[in-house]
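See below for the structure under consideration.
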Amino acid sequence: MTWFDFVGALAGALTTVSFVPQVVKTWRSGSAEDLSLFMFVLFSAGLLLWLVYGIALRSLPIILANGITLVLALSIVLLKIRHALRRRNPDGVRDPY
């Protein structure tokens, strides 16, 4: 591993780990109200493109960092959507029609 590979891996690890507290907080609090869905969708699209780029380069640090961060960011998107749907139907009862 070269010095630059180490720097890339460290940068990827730090940016990836930075999402974990937000995912945990959103999951535990049951609220994603203050999070911007549009920002997370755009961010996820960017991560997907970085992942494709990393695969094209066969760069493991880029692939791992962006792949894991994409999963975390999409989990926030899904939690945001889930919480929005629950706010619309707080009883959790599905409309049969």
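The values are calculated or read from the model by the stated rules, or taken from the named source; none is laboratory data. It should be emphasised that the depicted structure is a prediction, and the values quoted were computed from it without experimental measurement. For neighbour counting, all protein chains shown are included, and Cβ atoms are generated from backbone atoms with ideal geometry for every residue, glycine included.
Only residues that are at pLDDT below 90 and exposed (fewer than 13 other Cβ atoms within 10 Å of the Cβ): list them for region 29-43, please.
Selection gives SER29, GLY30, GLU33, ASP34, SER36.
Starting from region 1-29, keep only residues that are in contact (Cβ under 8 Å) with a residue 24 or more places away in the chain, then list their pairs with residues that are part of a loop (DSSP other than H, G, I, E, B) whose Cβ atoms are within a distance under 9 Å, requiring at least 6 positions of separation or different chains.
Within 9 Å, the pairs are ASP5/SER59; GLY8/SER59; ALA9/MET1; GLN22/LEU35; THR26/ALA32; THR26/LEU35.
Which is surrounded by 11 or more Cβ atoms within 10 Å (Cβ to Cβ) and touching a Leu at 6+ places or on another chain (Cβ under 6 Å), of GLY54, GLY46, GLY12, GLY67? Walk me through how you get there before you give the answer.
Numbers: GLY54 fails: touching a Leu at 6+ places or on another chain (Cβ under 6 Å); GLY46 fails: touching a Leu at 6+ places or on another chain (Cβ under 6 Å); GLY12 fails: touching a Leu at 6+ places or on another chain (Cβ under 6 Å).
Result: GLY67 is the single residue among GLY54, GLY46, GLY12, GLY67 that is surrounded by 11 or more Cβ atoms within 10 Å (Cβ to Cβ) and touching a Leu at 6+ places or on another chain (Cβ under 6 Å).
Can you pull out the residues in region 30-68 that are small (Gly, Ala, Ser), closer than 24 Å to ILE81 by Cα and free of Cβ contacts under 8 Å to residues at least 40 places away in the same chain?
Residues of region 30-68 that are small (Gly, Ala, Ser), as a first pass: 30-32, 36, 44-46, 54, 56, 59, 65, 67.
Going one step further and asking which of them are closer than 24 Å to ILE81 by Cα, we end up with 30-32, 36, 44-46, 67.
Residues satisfying the conditions are SER36, SER44, ALA45, GLY46, GLY67.
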